[in-house]
1. Could you check segment 70-92 and list, in sequence order, the residues that are out of contact with any Ser or Thr (no Cβ under 9 Å at 6 or more places or on another chain), under 24 Å from residue 39 (Cα atoms) and surrounded by 14 or more Cβ atoms within 10 Å (Cβ to Cβ)?
2. Residue check, residue 49 against (1) at pLDDT 95 or above; (2) among the aromatic types (Phe, Trp, Tyr); (3) touching a Phe, Trp or Tyr at 6+ places or on another chain (Cβ under 9 Å), all met but one. Which one?
3. Select from segment 6-26 the residues that are open to solvent by less than 60 Å² (accessible area, probe 1.4 Å) and either among the β-branched types (Val, Ile, Thr) or touching a Lys or Arg at 6+ places or on another chain (Cβ under 9 Å) (or both) and write down the one among them that is farthest from residue 79 (Cα to Cα).
Amino acid sequence: SEASGGRSLRADGFGENPFYHCLVAEILPAPGEPLGPCVVGYGLYYFIYSTWKGRNIYLEDVYVMPEYRGQGIGSKIIKKVAEVALDKGCSQFRLAVLNWNQKAIDLYKALGAQDLTEAEGWHSFRFEGEAMRKLAGK
């Protein structure tokens, strides 16, 4: 796909040099059910580095299927990412959320996250497509 630069999500996450890591939330089948565990959510993260704070973890995406929301699954995924961050010696755990997603904003704040836009005035930027090619001279 265009988003992954022509590489597959599987290769980028599970190849020789993974670009990301993924936690999955599964619902176990009822006793006697022929189906195996069913994936109902995930947290996709990777490691970043801060010149001031050292090792960081970045949670790129956390998702729970709509019919399983409100059961604490998203919070469990987030808590597990915090555990991984501490195990790997990270000083920070970062994520971004769109301003319309008030439920997520409220959840992150309730879990103890600082809103860097409010607290420090950070703005997120990105270069893509033509702007990136222009910068790289290609």
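1. Of everything in segment 70-92, those that are out of contact with any Ser or Thr (no Cβ under 9 Å at 6 or more places or on another chain), under 24 Å from residue 39 (Cα atoms) and surrounded by 14 or more Cβ atoms within 10 Å (Cβ to Cβ) turn out to be 71, 73, 74, 75, 76, 77, 78, 80, 81, 82, 84.
2. (3)
3. 15
For (1) basic (Lys, Arg); (2) out of contact with any strand residue (DSSP E or B) (no Cβ under 8 Å at 6 or more places or on another chain); (3) open to solvent by 60 Å² or more (accessible area, probe 1.4 Å), each residue gets a yes or a no:
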| site | (1), (2), (3) |
| --- | --- |
| 30 | no, yes, no |
| 41 | no, no, no |
| 109 | yes, yes, yes |
| 132 | no, yes, yes |
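The values are calculated or read from the model by the stated rules, or taken from the named source; none is laboratory data. Every value quoted in this text rests on a predicted model; they were computed, and no experiment measured them. Glycine also receives a Cβ, built like all others from the backbone with ideal geometry; neighbour counts cover every protein chain displayed. Note: areas computed on protein heavy atoms with side chains; ligands, DNA, RNA excluded. Shrake-Rupley method; radii C 1.70, N 1.55, O 1.52, S 1.80 Å.
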